[in-house]
Amino acid sequence: MNAPAQPDLSHLWMPFTANRQFKAQPRLLAGAKGMYYTSVDGRQILDGTAGLWCVNAGHCRDEITQAVSRQIAHLDYAPGFQLGHPDAFDAAAAVAGVMPQGLDRIFFTNSGSESVDTALKIALAYHRARGEGQRTRLIGRERGYHGVGFGGISVGGISPNRKAFSGALLPAVDHLPHTHSLEHNAHTRGQPEWGAHLADELERLVALHDASTIAAVIVEPLAGSTGVLVPPKGYLEKLREITRRHGILLIFDEVITGFGRLGAATASEYFGVTPDLMTLAKGVSNAAVPAGAVAVSREVYDGVVGATQAGIEFFHGYTYSGHPLAAAAILATLDIYRRDGLFARAASLAPALEAAAHSLEKAPHVIDVRNLGLVAGIELRPRDGAPGARAAEVFQKCFDRGVLVRYTGDILAVSPPLIINEDQIGQLFDTIGQVLKEVQ
Ligand code: PLP
């Protein structure tokens, strides 16, 4: 078979990509099924990252394809402002059905970034509706990733994502310290013992700013994009206790952890800590159609919606909120998760992933291995004068050998679809292990 002609790469400005480097040595995917991508040169590539942490049920699931195909032929679009369509309401009920108890009011968006900015706006609207409009301060966390909207990068804590825009970030934002410590927690399996006290920093911020100025705290329960930071035991519980005591809303950004990543429907369920709002995207539609959502407690929903006598209660929404194709994809996806028991499957595979990941503790360059559920992070010692170069090379060599991993800085991240099997887990980490022996 002749190799397909390569497209003209010059026009597309690729997101979060070294454009010149990529275009000099492109990696192009042509198809996907189940656990595998097919590259344009016809190679099978084991997907160790569920795309971008989003294809939790595996690729090109027939039920989702059929549901979306039926929908596009039947109802291509329906305005979500002042009109509705039944599937959007059904999809909201289905999402509510897998949320922790009480978080059953659902606002649809199209992405994680939109979910985050929506949640921050809901928090501000809630306090204002209660006569506490001075609560405008938002607290994020160092190394947090909350997408790329102005709200998200303001509460986010990844410096390169903020630097170019630093003069235009939201005012009245502060950050908790991150929880990563190689000194105390290197090579921890599951949740680290050390670090719960870092949540007490919130008390310091409350003392500094006064609780009456703080609207919300937003954290990823397990921080993914920054390189897999697992919350220390007791940390999230403390954040919950402190926020509740001071009337501050707690937002869990579960764009990555929602829909089974940790072996439960949500990280909130996994840790037994329920926030006031939860941001979702990615796995909600198995990434087949762009979709996101904010799950909101009844108290917050009633607080905002009940405060207006007549007319629009919340001046916010997207042309594509609850889009018919997204709604169809969400309904079909949640059906698969339930029917195939994929969250429980993730839980049952977590020990195998943990063992395989930690078998690399003594591999060359490895300074930390950490894991929870179906996520693992492998931190490498950076090359002198070239941070990130070693992990980038590992990523490329794994790709050349038919295994997709992710890297951020010098941290490799593994987060496969929940349909992975034990042999494939073995292949994933064996390949990383072999490549680590080859790179300098
Ligand atoms: N929040 C978290 C925790 C994420 O991991 C991401 C994406 O990785 C986002 C928000 C942004 O999502 P999106 O890229 O769909 O805007």
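Values as computed for the structure displayed
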quantity: Using θ = phi - 60° and Karplus 6.51 cos²θ - 1.76 cosθ + 1.60, couplings along the range 177-189 (whole Hz; Gly, Pro as x); calculated: x, 6, 10, 7, 8, 5, 4, 8, 10, 4, 6, 6, 8
quantity: Assigned charges on the beta-carbon of Lys, Arg, Asp, Glu; the range 310-440 dipole about Cα centre (debye); calculated: 60 debye
quantity: Where labels lie 7 Å past Cα in the beta-carbon direction, separation of Q44 and R162 in nm; calculated: 4.5 nm
quantity: Dipole magnitude of the chain, debye to nearest 20 (Cβ charges: Lys/Arg +1, Asp/Glu -1, about Cα centre); calculated: 520 debye
quantity: Residue of A295, A215, A24 that the Gaussian network model of the chain assigns the largest fluctuation, springs spanning Cα pairs under 10 Å; calculated: A24
quantity: Spin-label proximity, A386 to the range 22-40 - amide N less than 17 Å from point 7 Å beyond Cα toward beta carbon; calculated: 22, 25
quantity: Protection proxy ranking of 58-68, 81-91, 219-229, 277-287 - average other beta-carbon atoms within 10 Å, highest first; calculated: 277-287, 219-229, 58-68, 81-91
quantity: Euclidean distance of C-alpha centroids, the range 1-67 and the range 310-377, integer Å; calculated: 19 Å
quantity: Where labels lie 7 Å past Cα in the beta-carbon direction, separation of A93 and K362 in nm; calculated: 5.7 nm
quantity: Listed residue (A216, L198, P231) projecting farthest to the positive dipole end of the range 192-253, Cβ model; calculated: A216
quantity: Stretchable slack from H187 to S10, in nm (0.36 nm times residue separation minus alpha-carbon distance); calculated: 59.4 nm
quantity: Cut-off under 5 Å, modelled amide H: who pairs with L249 long-range; calculated: A216, V217
quantity: Three-way shape label, the chain, alpha-carbon gyration tensor, a/c 1.5; calculated: oblate
quantity: Alpha carbon Rg of the range 290-384, scaled by the compact-globule rule 2.2 N^0.38 Å; calculated: 1.75
quantity: For the range 196-314: rounded, prolate or oblate by the Cα gyration tensor [a/c cutoff 1.5]; calculated: oblate
quantity: 222 nm mean residue ellipticity, helices alone, for the chain (DSSP H n ≥ 4; -39,500 (n - 2.57); rounded to 500); calculated: -11000 deg cm²/dmol
quantity: GNM flexibility winner over the chain from Y407, Y37, Y318 (Cα, springs under 10 Å); calculated: Y318
quantity: The chain: most fluctuating residue of G306, G144, G34 per GNM, C-alpha cutoff 10 Å; calculated: G306
quantity: Computed FRET value (nearest 0.05) for D200 with A172, which takes r as the C-beta separation and R₀ as 30 Å; calculated: 0.85
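Readers should treat all values here as calculations from the given coordinates under stated rules, not as data from a laboratory. It should be emphasised that the depicted structure is a prediction, and the values quoted were computed from it without experimental measurement. Reconstructed Cβ throughout: ideal geometry from the backbone, glycine too, with neighbour counts over all protein chains shown.
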